[in-house]
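Contents: one structure, followed by commentary.
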């Protein structure tokens, strides 16, 4: 039952097609810029914003170097210094490094993969606004002198209420969590887009290596961020409401925070490194004039790296008193993680060795990276060896190592990538007279600053001290470090001037100035809002077409979707492995909704910060309402059947297929949420086995009737969701089933709330009660989100967005309720098992 | 455009080897912590750790053997060959990583 659609114009000339597509895809002028959802616009904004935070973080770093340049420095007092170094680390990691690599991914990934935009443009925009607002909260706290001051990893008990009674730690916990929401949403967006929105014919074996890097990185983010989000939520709950998850005097454990933090923190190093390695793997073959050596080996290496990086978080905790056998697991893992990194290095070197390398500006930075990252990697292997780590722990050696692997692995490829892709953005080339000296100043300054820190560390200088006496032998090393930091800053300053000069006066370059083979060069320079006027086809016999030639053909509309239809922002969805087109994805138009939603999210965070909890709850509810509202406008209001996409092919719209992007997105959400849930379960077991003050006679009690009531209600809701799906598929009314599911979920929530009220010991008194309450709260929260799914289903059925062919909404609800039921059974089972677990503690020697 | 393709669910195999490695890490770390906390006999703890380690090694080795000998269907194209190669090598990498990372459980003293 294919409905009629506006027929595409035949043989549209390039200019006419350009005008038609710009009308559909362009972001409006003036205030309408705030409604932008286009990945090029958002990506560029993220780049600029991340560099503003880089500048602020860099200035803070300079301030610490001024303070430490000479002994007994009185440039800052200890309290100010604590805020400055904490914010330096937090900004560089959370507001610069992660968003910067994401901004590269946002701007470049759709272009390199040959598609027009990301799968969820409004989510991209929401992620950006969350990032901007969260970063602004942190920055303003610095100006107001209430910035976080407990170090960038916020260790408890220093960051607990007892030792940090002000709002400083709350600013970090709330601000960083806010930014993490942004990072997580963008990561899900990237996974879905890479898997579902490539150019037709781009099977996984043909995907540019950058796609693999970004895909693996985004998956790592989906798994890495939830433990820290959970830790931040639990610590904020402890600070705000007194539930003692991390308080050892009431059955909590300060080390639980370290575990949750480093479960995020260590993979984060690779989350930063891998996209930059992806940029290197893209650039090096271009300058070597030959394809990348070892494509398959690199894919294996990055998968191995992704997993191994998660399994070595304890190497940040070698000194906390873990048994030696367990330390050996993490020590061995920390050493072998160097192997997949080395595989990539040798692949890059082999590419250069077997090619005909040409020297250009990005290559300078690539060689700078080789030097710096090799040094950082070697000290990493040193620190993987437990006895050495015990000596160097919490000294400046760690600061040096960390800057070599994180800053070096980020800054040098980033600058290489900038100079490589800047012509794409500007259509102009760099002014070499400035750019080359800038590199040498950055390279020399970087090594002068951070190499000296190895030596100060080996001489025993602890990190985070705000001054020293001058009789320790650290004076000249610190002075050289400080001088180096200024040299490096001058280098970055020159690079900024160079980029401004390039933007304003740079020599215009021809299309594809580097003779690259990736698709981002097969488009206008700078890119048009629609990216590709028509979507390229890859496959046998097609990959040899140079991007320059391909660009002209695509501009004439000779690829897929080389026309405008119904004013829709259309792109193609493909089969995940083969890359064959299987759906037309109709993307949403610019809207202020992401900005408004982010503002309300920010208001909820700020109200929480100022301890206005009811207001915070109200703002959170408005935010949720806005998400439901956004869902109301998604998709198509009627069935269309297969739509022509060009070249004689037709595929259905994304609303009428089972493998639509939202389905994959929900799987990503569940993976992230499942990681958070697993972390919560881990936390419960960890406190049981490791926390002090969990005596066997502290027997908890939970109402079995209520717990069983919750489980039964969740099962009924899941069954009812299935019923609604079956009914709609058969063309019958689903409202009855949905109503039953709503009632079941309301009953589950009521029973869960009753269960929390009956938890003993009281959640304020002991971590045992607090973890039980957290587990039950998790179930109640998910049942509440399930309610939102169902309400959205009812509204969308009423509005005509759901039909026997458009079932995605109902399938999403079913999946969510299945997940809620499974996690609910596990969580409540654990709560019911707690008395038996606690009783076993009596058997401990 | 409607030719057969590798089913997307097979992409999970890319992670299979290292998921088993993760499982080994979690189970061995937890078992070791519980054994030490409850004062298990060193011999009993050692045997428990060894059994868990060998079970994980056997699982990875079985997957390796199973997948390395399976030929990809020609009609699934080059993507199937590529995926099989990558999956097999991730299994080999995971097997080696499991041996190196967790071998200490066979030789080091258990609870100091």
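The values are calculated or read from the model by the stated rules, or taken from the named source; none is laboratory data. Predicted model, so just to flag it, every value in this text is computed and none were measured. Neighbour counts run over all protein chains shown; Cβ positions are idealised from the backbone, glycine included.
Among the numbered conditions (1) surrounded by fewer than 20 Cβ atoms within 10 Å (Cβ to Cβ); (2) more than 28 Å from the chain's Cα centre (by Cα); (3) over 30 Å from residue A:441 (Cα atoms), the only one that residue A:506 does not meet is (3). The set of residues in the stretch A:395-454 that are within 26 Å of residue A:527 (Cα to Cα) and free of Cβ contacts under 8 Å to residues at least 40 places away in the same chain contains only A:411.
Residue-level check: of (1) under 18 Å from residue A:258 (Cα atoms); (2) touching a helix residue (DSSP H, G or I) at 6+ places or on another chain (Cβ under 8 Å), residue A:321 misses just (2).
Given (1) at pLDDT 90 or above; (2) on the phi > 0 side of the Ramachandran plot, where does residue A:465 come up short, assuming only one miss? Going through the list (1) at pLDDT 90 or above; (2) on the phi > 0 side of the Ramachandran plot, residue A:465 breaks only (2). The set of residues in the stretch B:4-14 that are facing chain A (nearest Cβ under 7 Å), touching a helix residue (DSSP H, G or I) at 6+ places or on another chain (Cβ under 7 Å) and either surrounded by fewer than 20 Cβ atoms within 10 Å (Cβ to Cβ) or not in a loop (DSSP other than H, G, I, E, B) (or both) contains only B:14. Among residues that are in a loop (DSSP other than H, G, I, E, B) and more than 14 Å from every other protein chain (Cβ to nearest Cβ), residue A:176 is not included. Checking the stretch B:48-67 against the condition returns a match, with at least one residue being in contact with a helix residue (DSSP H, G or I) (Cβ under 8 Å, 6 or more places away or on another chain) and under 27 Å from residue A:201 (Cα atoms).
When A:565, A:537 are screened for being more than 14 Å from chain B (Cβ to nearest Cβ), in a loop (DSSP other than H, G, I, E, B) and buried (at least 19 other Cβ atoms within 10 Å of the Cβ), only A:565 passes.
Residues in the stretch B:98-107 that are surrounded by fewer than 17 Cβ atoms within 10 Å (Cβ to Cβ) and facing chain A (nearest Cβ under 7 Å): B:100 only. Selection of the stretch A:320-343 for residues being within 12 Å of chain B (Cβ to nearest Cβ) and not in a helix (DSSP H, G or I) yields A:321, A:322, A:323, A:337.
The set of residues in the stretch A:35-65 being within 22 Å of residue A:107 (Cβ to Cβ), in contact with a helix residue (DSSP H, G or I) (Cβ under 8 Å, 6 or more places away or on another chain) and without any contact (Cβ under 8 Å) to a residue 60 or more places away in the chain consists of A:50, A:51, A:54, A:57.
Considering each residue of the stretch A:821-840 in turn, none proves to be closer than 21 Å to residue A:661 by Cβ and either at pLDDT below 95 or in a helix (DSSP H, G or I) (or both). On the basis of being touching a helix residue (DSSP H, G or I) at 6+ places or on another chain (Cβ under 7 Å), in contact (Cβ under 8 Å) with a residue 12 or more places away in the chain and surrounded by fewer than 21 Cβ atoms within 10 Å (Cβ to Cβ), does residue A:812 make the cut? Answer is no for this residue.
With A:734, A:730 as the choices, which residue is surrounded by fewer than 17 Cβ atoms within 10 Å (Cβ to Cβ) and either over 19 Å from residue A:192 (Cα atoms) or at pLDDT 95 or above (or both)?
Only one candidate passes the filter, namely A:730.
Output yes when any residue across the stretch B:63-74 is outside any helix (DSSP H, G or I) and facing chain A (nearest Cβ under 7 Å), and no when none is. Looking for residues that are outside any helix (DSSP H, G or I) and facing chain A (nearest Cβ under 7 Å), one finds none in the stretch B:63-74, hence no.
Within the stretch A:540-562, can you find the residues that are within 14 Å of residue A:202 (Cβ to Cβ), modelled with pLDDT of 75 or more and part of a loop (DSSP other than H, G, I, E, B)? Answer for the stretch A:540-562, where residues must be within 14 Å of residue A:202 (Cβ to Cβ), modelled with pLDDT of 75 or more and part of a loop (DSSP other than H, G, I, E, B): just A:559. With respect to the stated conditions, residue A:763 is in contact (Cβ under 8 Å) with a residue 24 or more places away in the chain, closer than 30 Å to residue A:692 by Cβ and outside any helix (DSSP H, G or I). In a residue-by-residue description of the stretch A:293-314, the property of being over 22 Å from the mean Cα position of the chain (by Cα), more than 9 Å from every other protein chain (Cβ to nearest Cβ) and closer than 26 Å to residue B:112 by Cβ applies to no position.
If you check A:103, A:50 for being part of a helix (DSSP H, G or I), closer than 27 Å to residue A:173 by Cβ and modelled with pLDDT under 95, only one passes: A:103. Take residue A:384 and tell me if it is farther than 20 Å from residue A:417 by Cα and either touching a strand residue (DSSP E or B) at 6+ places or on another chain (Cβ under 9 Å) or surrounded by fewer than 21 Cβ atoms within 10 Å (Cβ to Cβ) (or both). Answer is no for this residue.
Each residue in the stretch B:20-48 was checked for being surrounded by 15 or more Cβ atoms within 10 Å (Cβ to Cβ), assigned to a helix (DSSP H, G or I) and more than 8 Å from chain A (Cβ to nearest Cβ), and 9 pass. Residue-level check: of (1) closer than 30 Å to residue A:201 by Cβ; (2) at the interface with another protein chain (Cβ under 7 Å from one of its Cβ atoms); (3) modelled with pLDDT of 95 or more, residue B:79 misses just (3).
Filtered by the rule that a residue be part of a helix (DSSP H, G or I) and either within 14 Å of chain B (Cβ to nearest Cβ) or surrounded by fewer than 19 Cβ atoms within 10 Å (Cβ to Cβ) (or both), the stretch A:677-703 gives A:678, A:679, A:681, A:682, A:683, A:684, A:685, A:686, A:687, A:688, A:689, A:690.
Only one of the numbered conditions (1) more than 8 Å from chain B (Cβ to nearest Cβ); (2) within 30 Å of residue A:351 (Cβ to Cβ) is violated by residue A:317, and that is (2). Counting only residues that are in contact (Cβ under 8 Å) with a residue 60 or more places away in the chain and within 34 Å of the chain's Cα centre (by Cα), how many does the stretch A:467-503 have? So the answer is 14. I'm told residue B:95 meets every condition in (1) buried (at least 20 other Cβ atoms within 10 Å of the Cβ); (2) within 11 Å of another protein chain (Cβ to nearest Cβ); (3) in a helix (DSSP H, G or I) except one. Can you identify the failing condition by its number? Residue B:95 satisfies every listed condition except (2).
If the condition is being within 14 Å of chain B (Cβ to nearest Cβ) and assigned to a helix (DSSP H, G or I), then the stretch A:653-669 contributes A:661, A:663, A:664, A:667, A:668.
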